[in-house]
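The values are calculated or read from the model by the stated rules, or taken from the named source; none is laboratory data. All values reported here derive from a predicted model rather than from experimental measurement. Using ideal geometry, Cβ is built from the backbone for each residue, glycine included, and neighbour counts are taken over all protein chains shown. Please note that ligands, DNA and RNA were not included when accessible areas were found on the heavy atoms of the full protein model with its side chains. Shrake-Rupley method; radii C 1.70, N 1.55, O 1.52, S 1.80 Å.
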Amino acid sequence: MKPNSIRLALTLVSALGVSACTSGPWNKTTPAQVAYQWPQEAQLAPIQGLNRHTLYPLLLAEIAGQRNQVDLALQEYIKLARASQHPRIAERAAYIAQYEEKDQLALEAARIWAQAEPESVDAQRILVMLLMKAHAYTQALTHLHRLYELTGSSYYTLLANRAVEQNRQDTSNLQAIYQQLRVYHTRTQASLDYLNALAIFEVALDHPITAQAHLNQVLAQAPNNERALLLKAQILREQDKLQEALNLLKAGLKRQPESLRLLLEYARLQLAANDLQGASQTFAQIRRYHPGDSQVVLALARLYVEQGELQAARQELESLLERDEASIDLSSPETLYQALYYLGRIAQEEADPIQALDYYWQVGPSSVFVDAKLRALQILEEESALPEAIEALQQQRQDFSQQDEVLLMLMTDLLYKHEQYQTLVDVLSEAMQSRPEYHQHARFLYARAMAYLALDQLAAAEKDFRLLLEKEPDNATVLNALGYSLTERTNRHQEASVLIEKAYALNPREAAIIDSMGWVKFNLGEYQSAVEYLQKAYQLAEDVEIASHLIQALWFSGEKAKARVLWRQLQKEYSRPWPQLMQDLYQQLPELGEE
């Protein structure tokens with residue numbers, strides 16, 4: 001949650017030179033700063049070369065910032081960056097947008113900055129981070145190459161790990177990213193990080209021989225490279241060459257016997273080989289080299305959980321709790337909360353839901369906070385205990401008030417999933433009343449609007465949608481939701497068409513938006529155009545609602561035979577009782593059943 005007061009003031013030095021202070025968003029540490037170990041403060045250079053056309057908008061942005069009107073300040077900086085292409089202005093816009101978590105605007109500003117100042121290391125770094133966050137990995141590679149040329153620092157494995165994690169089910173996209181990475185290999189001397197990145201892709205794409213070749217290159221130059229050793233051991237294990245993998249890590253541990261990552265993986269392989277005595281010796285070695293290290297105990301416990309050794313894991317975690325409850329730093333009790341979380345998982349695995357819930361609900365703000373609460377909710381849902389889940393979440397909001405936003409999101413998702421729309425409206429309305437900043441929270445406004453729609457309260461839903469569009473006028477999801485609601489529930493089809501067409505212009509490949517385009521065309525009597533859009537939508541997503549719309553468009557455009565063919569396909573896919581959409585459609589067009 002952002003602080004209530006944000007200073008965006010930029011000290012005006014003169015009419016032609018503006019320098020920045022380092023308060024507010026300027027000294028916020030971004031995820032990229034953590035990853036790249038950037039300086040804790042962004043030292044922004046003065047803006048030079050302003051004229052009367054650029055000075056007034058800059059002053060407007062400055063005044064908005066001083067008045068804590070952050071959205072207006074950002075809006076003015078973005079407009080000025082677009083018009084002037086000035087690197088310093090784009091830099092400020094990028095920092096403010098990042099601070100405000102407006103990723104699309106931050107990305108746009110960073111592009112302008114990097115283009116206007118291609119030698120800027122910070123511009124390239126920020127642009128890489130934002131592109132990876134947007135999953136635009138092929139574009140990010142171009143700027144990673146530039147960053148390598150400017151600094152000699154290589155971050156290809158960072159990109160490779162993220163790309164593989166995000167594209168595990170999309171090998172074609174993964175292959176495209178990999179091929180672009182390979183192209184760069186022919187243009188410059190490969191770093192060890194670059195070779196490891198190639199191997200990460202090759203393992204994911206099931207090219208073990210090529211991956212091993214690249215890892216061997218790394219190990220020939222750097223025998224102690226942990227990443228290469230671990231990747232090669234993974235390949236050998238997947239090839240059922242367990243002993244070779246063990247030998248590889250054993251040799252690596254002779255050179256660096258205290259490496260925790262190598263020790264843990266070695267123990268994991270020993271357990272896989274059913275070498276319990278060897279694994280026990282490795283665990284003892286881990287404790288000897290890392291005595292009293294809570295993170296080591298947690299790592300061992302996680303390893304035991306992976307191997308199904310739940311009793312051993314419990315002993316490790318309980319010993320950790322006994323040690324840490326008295327000595328732990330309560331300002332940051334990450335270790336305690338992780339121990340409680342894993343004890344909850346063990347209890348859940350052992351079919352002890354009451355004990356698991358007790359552990360999960362105790363987990364406080366930490367890296368496992370959200371997952372603990374999700375697991376607790378899953379248990380209660382499996383027990384059909386929805387009222388208890390709602391009551392527990394309300395109590396959690398009191399116990400961990402600093403995490404109220406996250407817990408309210410979980411509550412919102414739970415209530416919407418179980419169609420408790422009136423309760424959802426009541427909870428969100430009460431939260432917005434007690435915390436005025438939630439009135440500006442896009443997710444809460446959108447969820448309440450959708451709940452209002454489910455309650456057939458279009459006017460209330462439209463009010464929330466309009467509030468959202470005031471804040472985010474180019475939000476394609478909201479434009480589409482409001483436009484579709486108007487054309488579906490009212491005769492305001494022209495107004496709906498304007499909203500949906502804007503959504504389509506912003507996101508022309510989204511099936512739901514294309515479906516809305518087709519449906520508003522249908523309601524306007526433009527049947528042939530409706531068919532074209534709806535066919536395109538159905539090709540992207542064979543959804544029963546899209547199919548229902550397409551059948552009606554085909555029918556009224558005169559293509560009744562095609563409508564009947566699609567209707568028969570739906571009948572094969574959905575047995576009786578049909579989904580409500582199909583029942584309504586058949587009641588409206590009973591002739592569909594005729595041959």
Q. How high is the relative contact order of the chain, in percent, with contacts defined as C-alpha pairs under 8 Å that are six or more residues apart?
A. 4 percent
Q: Count neighbours as other Cβ atoms within 10 Å of each site's Cβ, and list the GluC sites (Glu not before Pro) in the range 67-168 that are DSSP loop with at most 15 such neighbours.
A: E101, E119
Q.
Give me the one-decimal nm value for the distance between modelled label points at Q180 and A505, 7 Å along each residue's Cα-to-Cβ direction.
A. 2.7 nm
Q | Rg over Rh, two decimals, the range 237-289 (C-alpha only, Kirkwood Rh) | A | 0.95
**Q.** For the chain, size of Cβ-based charge dipole, Lys and Arg +1, Asp and Glu -1, in debye
**A.** 2060 debye
Q: Mind putting a number on the dipole of the range 187-253 about its Cα centre? Charges go on the C-beta only, +1 for Lys and Arg and -1 for Asp and Glu, and I need it in Debye to the nearest 20.
A: 160 debye
Q.
Using Cα-Cα distances under 8 Å and only pairs 6 or more residues apart, what relative contact order does the range 161-261 have, in percent?
A. 19 percent
Q | Segment L150-D240, length gained on full extension (0.36 nm per residue, minus Cα span) | A | 28.2 nm
Q. With every protein chain kept in the model, how would you rank S429, S548 by accessible area, 1.4 Å probe, largest at the top?
A. S429, S548
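Please say if the range 259-318 is rounded, prolate or oblate, where rounded means a/c under 1.5 for a ≥ b ≥ c the square roots of the C-alpha gyration tensor eigenvalues, and otherwise the choice is prolate for a/b larger than b/c and oblate otherwise? Don't skip to the end; give the middle numbers.
Working: a/c = 1.71, a/b = 1.09, b/c = 1.58.
Oblate shape, in that a/c is at least 1.5 and b/c is the bigger or equal ratio.
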Q | Per residue solvent-accessible surface (Å²) - the chain, probe of 1.4 Å | A | 49 Å²
**Q.** Distance between modelled label sites at A460 and R168, nm, 7 Å Cα→Cβ extension
**A.** 4.0 nm
Q) To the nearest 10 square angstrom, what accessible area does R162 show with a 1.4 Å probe? A) 90 Å²
Q. Length gain on complete extension for the stretch Q587 to E383, per 0.36 nm per residue less the alpha carbon to alpha carbon distance?
A. 69.7 nm
Q | Percentage relative contact order, the range 197-321, counting C-alpha pairs under 8 Å, at least six apart | A | 14 percent
Q. Quick one: Cα centre-to-centre distance for the range 390-405 and the range 409-427, in angstrom?
A. 15 Å
Q) On full extension of the chain, what length is gained from S280 through A222, given 0.36 nm per residue of separation minus the C-alpha to C-alpha distance? A) 17.9 nm
Q: Would you compute the Debye intensity of the chain from its alpha-carbon atoms alone, equal scatterers and no solvent, and pass along log10 I(q)/I(0) at q = 0.05, 0.09 Å⁻¹ to two decimals?
A: -0.31, -1.03
(Q) Can you pull out the trypsin sites (Lys or Arg not before Pro) in the range 507-572 whose DSSP state is coil and whose Cβ has at most 11 other Cβ atoms within 10 Å? (A) R509
(Q) Classify the range 327-423 from the C-alpha gyration tensor, please: rounded if a/c falls under 1.5, else prolate or oblate depending on whether a/b exceeds b/c. (A) oblate
Q: Check cross-link reach from K560 to the lysines: straight Cα distance under 20 Å, and skip same-chain residues fewer than eight apart.
A: K521, K536, K572
Q: For the range 465-519 and the range 201-267, compute the distance between their C-alpha centroids and round to whole Å.
A: 52 Å
Q: Would you calculate, for the chain, the mean residue ellipticity at 222 nm contributed by helices, counting each DSSP H stretch of 4 or more residues as -39,500 (n - 2.57) and dividing by all residues, to the nearest 500?
A: -23000 deg cm²/dmol
Q. Computed from the mean reciprocal separation of all distinct C-alpha pairs, what Kirkwood hydrodynamic radius does the range 208-275 have, in Å?
A. 11.8 Å
Q | Cα point-scatterer Debye curve for the range 171-220, base-10 log of I(q)/I(0) at q = 0.31 Å⁻¹ | A | -1.25
Q) Counting only protein heavy atoms and using a 1.4 Å probe, what share of the accessible area of the chain belongs to carbon plus sulfur, as a whole percent? A) 47 percent
